[in-house]
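Notes to accompany the following structure.
The values are calculated or read from the model by the stated rules, or taken from the named source; none is laboratory data. Keep in mind the model is a prediction, meaning the values are calculated, not measured. Every residue, glycine as well, gets a Cβ built from its backbone with ideal geometry; the counts of neighbours run over all protein chains shown. The accessibility values were calculated without ligands, DNA or RNA, using every heavy atom of the protein model including side chains. Shrake-Rupley method; radii C 1.70, N 1.55, O 1.52, S 1.80 Å.
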Amino acid sequence: MVDFRNMRIDGARLWDALMEMAKIGGTPAGGCNRQTLTDLDRQGRDLFARWCREAGMTMRVDKMGNMFARRPGLDDKLAPVMLGSHLDTQPTGGKFDGVLGVLGALEVVRSLNDMNVRTRRPIEVANWTNEEGARFAPSMIGSGVFAGHYTLEEAYAARDLEGAEFGAELKRIGYVGPDEAGGRPIHAYFELHIEQGPILEDEKIDIGVVTHGQGQRWYEYAIKGFESHAGSTPMPRRRDALLGAARIVELVNRTALAHPPLAMGTCGVIESKPGSRNVIPGEVFLTSEFRHPDDAVLSAMDKALREGVAEIAARGRLEIEMREISYYPPVPFEASCVAAVRRAAQELGYSHRDIVSGAGHDACWVALVAPTAMIFTPCVDGVSHNESETILPEWASAGADVLLRAALEKAEVVAA
Ligand code: HGY
Ligand code: MN
Ligand code: MN
């Protein structure tokens, strides 16, 4: 058995790749706007595919546009060890959310090539489609179809706020692949990701050993009132859809604050029609989401929300169609994979601590179909989903070193 304990990745090459990818959709404020299934997403995918080919990998794409670059194993029939994350970003996203996981995985392969290391199992690097859910909801839909939680038809029918359809956009950028999405064995899946919160940096810890992903519930509301004149409609006679939406926003916030310290509640999108300053809004589209690591609390928040929305509808004489568009319970990651991450950090001499993920990740769906774990790096001030998101190069290197070692434990080094 080859001793792979001193192997490390090339941190400078990883950082160069991150900066190169960040140019695609780069914004004047230093962030990235490379939203899923846009021409910029296609450019990012094409660059990733070129780099993978240059690293001697073969590329497969499935019907959800999920990309899998493969480095063969000596016993290539075995189920692969898969590493990856996502290249799509938020509209005001940063350079590292998701991208660190995809390019950190590519760096693992590049380093194995440099060290002429062979593994018994094949290694695959994945780029999952539409992790962010910003343009097409829900989030993590590429990995969600792969894990069998959503159907291809559900995903293809999703529409963005301009009415563009997911399936048509995926076809337009040329990334509808021939492979079925999912339904094949994966020996282990590891996802490297920035924490997107302040804990690791505050505690001066290099590596987060992620034990769970918290549960999430995502909702949409179609609120109908009655458009009428802002100057001549007496207050008691109004059916003001925007006032109803405002009450739901306050209800979501109040419900999360009622379950401290871990509950999260957010309203992210609101669209008011007709959008005229002197017309009482007759229609509003609103979104909200809840998150919590305990499913029973998430259910209690859901119940309080539904009761509150019914009360707001009655009080405002509004019709409120409330839809839950996505739900997944808290996800425990697989013990042997979590232990491999913890062992890797330990042996590499990186400080580490167990942590629960506040953000959702493709790993949360992949965990349904493969032994899965995640590796977190700190991020500056815990900021993410913001153009100022940034990390230190040494954090990126440490995370990818741990990814390399955890992957090799599962892929089994046979020659170096
Ligand atoms: O919403 C999330 O947690 C992830 O960024 N998609
Ligand atoms: Mn992400
Ligand atoms: Mn994100």
| Do we find that L242 is assigned to a helix (DSSP H, G or I), open to solvent by 60 Å² or more (accessible area, probe 1.4 Å), touching a residue at least 40 places away in the same chain (Cβ under 8 Å) and hydrophobic (A, V, I, L, M, F, W, C) in this structure? | yes
| said: On the basis of being open to solvent by 20 Å² or more (accessible area, probe 1.4 Å), within 16 Å of ligand 1 (Cβ to nearest atom), touching a residue at least 24 places away in the same chain (Cβ under 8 Å) and closer than 19 Å to R34 by Cβ, does A126 make the cut? | reply: no
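Matching residues to (1) away from ligand 1 (no atom under 16 Å from the Cβ); (2) over 30 Å from A398 (Cα atoms):
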| residue | (1), (2) |
| --- | --- |
| T92 | no, no |
| F96 | no, no |
| L103 | yes, no |
| N113 | yes, no |
| N116 | yes, no |
| R121 | yes, no |
| E180 | yes, yes |
| I186 | yes, no |
| query | Of (1) closer than 20 Å to P378 by Cα; (2) touching a helix residue (DSSP H, G or I) at 6+ places or on another chain (Cβ under 9 Å); (3) surrounded by 23 or more Cβ atoms within 10 Å (Cβ to Cβ), A69 satisfies all except one. Which? | reply | (1)
| query | Considering only residues of the range 1-39 that are in contact with a helix residue (DSSP H, G or I) (Cβ under 9 Å, 6 or more places away or on another chain) and of a type in the set (S, T, N, Q), which is nearest to A158 (Cα to Cα)? | reply | T36
| note | Of all helices (runs of 4 or more DSSP H) fully inside the range 57-176, the set with 3 or more residues that are within 25 Å of L47 (Cα to Cα) and either at pLDDT 95 or above or within 16 Å of ligand 2 (Cβ to nearest atom) (or both) is 99-114, 141-146, 166-172
| Any idea how many residues of the range 280-293 are over 24 Å from the mean Cα position of the chain (by Cα) and open to solvent by 40 Å² or more (accessible area, probe 1.4 Å)? | 1
| note | For the range 383-416, the count of residues that are of a type in the set (A, V, I, L, M), out of contact with any strand residue (DSSP E or B) (no Cβ under 8 Å at 6 or more places or on another chain) and assigned to a helix (DSSP H, G or I) equals 1
| message | I'm told D362 meets every condition in (1) acidic (D, E); (2) within 18 Å of H212 (Cβ to Cβ); (3) away from ligand 1 (no atom under 16 Å from the Cβ) except one. Can you identify the failing condition by its number? | response | (3)
| On the given criteria, is E203 open to solvent by 30 Å² or more (accessible area, probe 1.4 Å) and in contact with a Leu (Cβ under 8 Å, 6 or more places away or on another chain)? | no
| note | Those residues of the range 342-379 which are in a helix (DSSP H, G or I) and either open to solvent by 40 Å² or more (accessible area, probe 1.4 Å) or free of Cβ contacts under 8 Å to residues at least 40 places away in the same chain (or both) amount to R342, R343, Q346, E347
| query | If you check L170, L100, L106, L152, which single one turns out to be touching a Lys or Arg at 6+ places or on another chain (Cβ under 7 Å) and within 26 Å of A359 (Cα to Cα)? | reply | L152
| note | Per the filter on the range 294-325, residues at positive phi and under 28 Å from the mean Cα position of the chain (by Cα) are none
| request: Please go through the range 1-46 and pick out each residue that is crowded, with 18+ Cβ neighbours inside 10 Å, in a loop (DSSP other than H, G, I, E, B) and small (G, A, S). | output: G25, G31
| field | Tally, over the range 380-409, of residues that are within 18 Å of the chain's Cα centre (by Cα), among the hydroxyl-bearing types (S, T, Y) and open to solvent by less than 40 Å² (accessible area, probe 1.4 Å) | value | 1
| field | Residues of the range 300-323 satisfying the condition of being open to solvent by 70 Å² or more (accessible area, probe 1.4 Å), of a type outside the set (K, R) and not in a helix (DSSP H, G or I) | value | E319, E321
| field | Residues (within 16 Å of ligand 3 (Cβ to nearest atom), β-branched (V, I, T) and open to solvent by less than 10 Å² (accessible area, probe 1.4 Å)) located in the range 87-123 | value | T89, V99, V102
| request: Determine if the range 139-151 includes at least one residue that is among the polar types (S, T, N, Q), more than 11 Å from ligand 3 (Cβ to nearest atom) and more than 25 Å from V402 (Cα to Cα). | output: yes
